[in-house]
Amino acid sequence: MATPAASLPFRDETFRDDFTFRNSPETVLRAPFPFDKDSYMYAVNMELHKDGRPGTAFEEPIDVDEHYVSEMRDRALVLDEDPLRCQSLPHMTLAGWDTLELLMTCKAESYPEWFSLERNGDQWRWINRPLGIDDTFTFGDETTLPYGPLEYITRQAQGDFCVLDERQGNFWMDAGIVTTQADWSLDFDIGMNFFEWHAPVPLAHEKGIFKRALKYLLSIQQGNPARRLNWTMTVNPRLDTSPENYHQWGPENTHITPENVGDKLYLRIELQSFWRLPRSNALLFPIRCYLLSMHDLTTVPKWATRMHRVLKDLPDEIASYKGLDNYRQIAIDYLAPYDDGKPTSKGPFPD
Amino acid sequence: MSSRIVPTILSRPVYGTLTPTTASAHLLIADADGGTAILDLAKAAPAGFFDSAEVCYVPGADADFSDELQQLSPRQFHTSPTIQALLPRLSRTFERLHMGTSVYLAGSESLIGLATQSAMQAGLDYQALQTEHRGTLARRVQCVHCKGTTENVTTQPAECAHCGLLLFVRDHYSRRLAAFQGVNINAEDPTDVPPKIEEFT
Amino acid sequence: MSAGHRLLGAIDVVVTDVVELNPEVKRFHFARPDGQPLPAFSGGAHIVIEMKDGDVTRRTPYSLSSSPFETDDYQVSIRRDDNGRGGSLYMHRSVTPGMAMTISHPSNLFSLDKRATRHLMLTGGIGITPFLAQTAQLIRTGGEFEVHYGFRSHDVAAYVDELTARIGHRLHCYADDQGQRIDYDRLLSSQPAGTHVYVCGPTPMIDLVLSKAKEHGWPDAHVHFEHFAKAPPGEAFTVELKASGITIAVGEEQSLLEAIEAAGVDAPYMCRGGACGQCETAVVEYDGELLHSDHWLEDEERSAGQKIMPCVSRFRGKRLVLDL
Ligand code: HEM
């Protein structure tokens, strides 16, 4: 991969080993903070993904931020170590081309200074300036790209991507690229349906959340994407918290202390969106990950207060499922001084 | 003996009871105690059922119903010493199958899972297969770390036969891999070695 | 009164051509007024066409019959139905080249199962339309298929020549008036593992294929049918919309959903053919008979009388109150 031009506003940082990842103050403020009130419970928290609020991660349909180039470098490292992180069952190739078209079109429209797409029939030219890519290829012909269409374009797009085939009134996870996940395995889950890959989630099945969510997803049509937010916590700004490598990063879960919690413990936010793909009728599910350290949170008083209250009242099943047990109390104690006990303003955005 | 499987999470397969259909051809596949499920099905089957039936059977060390099954006089009766030895034949059998042939799988979860995998590779939907669990609860377990699959796992936790990590055996199940998921149980503190309990026997 | 709001995912188009294929079937071509491509779609997808017929607004789904790879020109082929609610009559009589119309984004409730090792397509009459698009898709992406096409007689059979040119021996035709019939038993008993069967045509044909498939031991997961119901015409009736606090009239040739929309009340929908479940509405109270025409509600739900699908279902009786 070519080195990005120095004039581009992308940070050079790591998500492993020496963990040089940092957020600029602007990036903290534009984060999609996942709590719209002072408590958290699983819900069918879905809304249309449009009319993005300026100055937030919702502004563009596919968000690109200062971490772009370094995240893509981390993805390439993961794929080199473990090619099973990107898989596509044989019937999903068409959906891969749909994904490529969607991501190229969105990016070129939102960020013309960084990306451009020229189409001449099936002859396409794609320029990605931040990553130094200028490729001409034939749309629909895999031999004209260095990787399959899904892998090609998602090596150039932040976040994980699942591609779901619709059959028998259900969605089947039949393709994906997963290198920045909250502890689940694509290699294991590929081929499963909506209820099966969600099987390990506590409480939500009993509350009928997945049944209602699936019904909503099935109704998503071309041109009307939807989104939801999910969250967990991660020790160190590690993107690749995979079950595959759990035996390597797992010990870090015990390393949080009252002294290091501010800089070492991260709120991990997932901005998930849902897109109906045209030629394959598949659904594309990008899961974009944003990391905010506990210290980052304290720079936005409302967020620190709210995080404190959410962690305090979180049902134990959910806390354990998310793997917070080792450090939940330490985080609560760290955030307590930022909670003045007064009501917070409505909605997720900073005051 | 009927299944002792309790439904837990939604990815964990549950099985039914084999019932004879009126299809024009039948393929029955079983191992060990699964043979008794075929014998029970035979009691409910219409006359002539086995004239158009092929039975593939893997006898178990202490559960061998080969003789009883052969007495049903299926059109074709085949035994294999192990499930692994049966698989190449199965894959060819599924490829040659006509739509509408009824498929019945009975016995251990490993047999049911591997035969399902073979059928799916031939393009059959897994929901096209009838299944019934009988006998052992031993599991096939994929180590999520090294990707090796360990056969006949009966303990919780269990050692990965490939990389040696001590694995917590989850109920999360992959039909594509025909395996349960194993995740290192003591990653956060490798010195903490919990005792193994015979849980899947 | 006009429809309260814009069609979901609306696209403004012009009619670029109307071609009479035979005395019963016309083909309509649509393009964007600015010449830009229309959205790509998948074989089996339909669009909803909005028809402004005097003070009545009809919104009716039709399968796209053009190739999913030709996005400059959407085509639908419509058979004139003299006993329907008037949508096809309107299209046949009043729609001419140059007219501006509104259509929805394509969506698909009759998708190919792309895992299939082979696709067996069974169709009768105008049911051929989704298969025109699906075969075009399979020719491009690869995939084995066979089409069996039954019709009354050659002079009302659309697309036989085009399909013969395109797919050759993979097309099998059966003309009723020559005593030719699709031999379902032979077809359904001789398919290799991994075959999926698709049926689109008149309701009796669909029912027959579904029951034959069951008889021959086909698993449900391998059997697909285009389950559009048509919103049937019927007696006029009135309905109270509880949350909106109004009472509205539903005309003989208007669907309940269209009447609700005409009153400016927001009701969710997608397929408008009783198949997708989006418009499911709670019945608060009724005295009379709910005339269900959808494929969505379970039998128990119908007899419980607490739900209705306003896109295709109607009512006869004294009083109907909906939670809208
Ligand atoms: C269709 C696209 C979706 C995909 C591919 C997807 C995938 C996943 C996966 C792989 C997990 C991890 C499960 C595990 O522990 O192994 C998960 C968790 C979860 N999903 Fe989804 N999901 C999707 C849509 C949704 C929707 C629409 C909802 C709406 C309610 C939802 C709610 C959840 C919840 C509540 C969790 C638990 C997360 C946590 O507590 O950290 N998902 N999802």
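Among the listed residues B:Arg89, B:Arg139, which satisfies the condition of being of a type in the set (D, E, K, R) and open to solvent by less than 20 Å² (accessible area, probe 1.4 Å)?
From the options B:Arg89, B:Arg139, the qualifying one is B:Arg139.
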For the subset of region B:183-201 comprising residues that are at the interface with another protein chain (Cβ under 10 Å from one of its Cβ atoms) and open to solvent by less than 40 Å² (accessible area, probe 1.4 Å), which member is nearest to B:Ile9 (Cα to Cα)?
B:Val183
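Does region B:157-166 hold any residues that are crowded, with 18+ Cβ neighbours inside 10 Å and either aliphatic (A, V, I, L, M) or not in a loop (DSSP other than H, G, I, E, B) (or both), and which are they?
We begin by selecting, within region B:157-166, every residue crowded, with 18+ Cβ neighbours inside 10 Å; these are B:157-158, B:160, B:165-166.
Correct list: B:Ala158, B:Leu165, B:Leu166.
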Here is a check on your reading of the model: is B:Tyr126 open to solvent by less than 10 Å² (accessible area, probe 1.4 Å), within 29 Å of A:Gln168 (Cβ to Cβ), within 14 Å of another protein chain (Cβ to nearest Cβ) and touching a helix residue (DSSP H, G or I) at 6+ places or on another chain (Cβ under 8 Å)?
no
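With within 16 Å of the ligand (Cβ to nearest atom) and either within 30 Å of A:Pro301 (Cα to Cα) or not in a helix (DSSP H, G or I) (or both) as the only criterion, which of A:Phe35, A:Phe58, A:Phe15, A:Phe10 stands out?
Working: A:Phe58 fails: within 16 Å of the ligand (Cβ to nearest atom); A:Phe15 fails: within 16 Å of the ligand (Cβ to nearest atom); A:Phe10 fails: within 16 Å of the ligand (Cβ to nearest atom).
Only one candidate passes the filter, namely A:Phe35.
Condition check ((1) more than 14 Å from chain B (Cβ to nearest Cβ); (2) not in a strand (DSSP E or B)) across all residues:
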residue: A:Arg212; (1), (2): yes, yes
residue: A:Pro237; (1), (2): yes, yes
residue: A:His247; (1), (2): no, yes
residue: A:Glu252; (1), (2): no, yes
residue: A:Glu270; (1), (2): yes, no
residue: A:Tyr290; (1), (2): yes, no
residue: A:Trp303; (1), (2): yes, yes
residue: A:Met307; (1), (2): yes, yes
In region C:37-93, which residues are open to solvent by less than 10 Å² (accessible area, probe 1.4 Å), in a strand (DSSP E or B), under 17 Å from C:Glu226 (Cα atoms) and within 14 Å of chain A (Cβ to nearest Cβ)?
C:Ala45, C:His46, C:Ile47, C:Val48
For C:Phe151, work out the one condition from (1) more than 24 Å from the chain's Cα centre (by Cα); (2) more than 30 Å from B:Ser91 (Cβ to Cβ) it doesn't fulfil.
(1)
Of the conditions (1) within 14 Å of another protein chain (Cβ to nearest Cβ); (2) in a strand (DSSP E or B), the single one that C:Met121 does not satisfy is (1)
Select from region C:185-231 the residues that are within 16 Å of C:His148 (Cβ to Cβ), open to solvent by less than 30 Å² (accessible area, probe 1.4 Å) and within 14 Å of chain B (Cβ to nearest Cβ) and list them in ascending order.
C:Leu187, C:Leu188, C:Gln191, C:Thr195, C:His196, C:Val197, C:Tyr198, C:Val209, C:Ala213, C:Trp218, C:Val223
Can you tell me how many residues within region A:102-139 are under 21 Å from the mean Cα position of the chain (by Cα) and of a type in the set (S, T, N, Q)?
3
For region B:33-48, which residues satisfy the criterion of being within 26 Å of B:Ala61 (Cβ to Cβ) and not in a helix (DSSP H, G or I)?
B:Asp33
A careful count of residues in region A:162-212 that are touching a residue at least 40 places away in the same chain (Cβ under 8 Å), of a type in the set (Gly, Ala, Ser) and near the ligand (Cβ under 10 Å from one of its atoms) gives 4
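Taking A:Gln222, is it outside any strand (DSSP E or B) and of a type in the set (S, T, N, Q)? Working first, answer last.
Details: outside any strand (DSSP E or B): yes; of a type in the set (S, T, N, Q): yes.
Criteria met by A:Gln222.
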The conditions are (1) within 14 Å of chain C (Cβ to nearest Cβ); (2) surrounded by fewer than 15 Cβ atoms within 10 Å (Cβ to Cβ); (3) under 20 Å from the mean Cα position of the chain (by Cα), and A:Ala43 fails exactly one of them. Which is it?
(1)
Out of C:Ala249, C:Ala236, C:Ala243, sole residue that is away from chain B (no Cβ under 14 Å), more than 21 Å from C:Val48 (Cβ to Cβ), touching a helix residue (DSSP H, G or I) at 6+ places or on another chain (Cβ under 8 Å) and open to solvent by 60 Å² or more (accessible area, probe 1.4 Å)
C:Ala249
Within region C:160-187, can you find the residues that are farther than 15 Å from C:Met121 by Cα and in contact with a His (Cβ under 6 Å, 6 or more places away or on another chain)?
C:Ala175
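The values are calculated or read from the model by the stated rules, or taken from the named source; none is laboratory data. Since the structure is predicted, the reported quantities are computational estimates derived from the model, not experimental observations. Note: ideal-geometry Cβ built from the backbone for every residue, glycine included; neighbour counts use all protein chains shown. Keep in mind that these areas ignore ligands, DNA and RNA; they rest on the heavy atoms of the full protein, side chains included. Shrake-Rupley method; radii C 1.70, N 1.55, O 1.52, S 1.80 Å.
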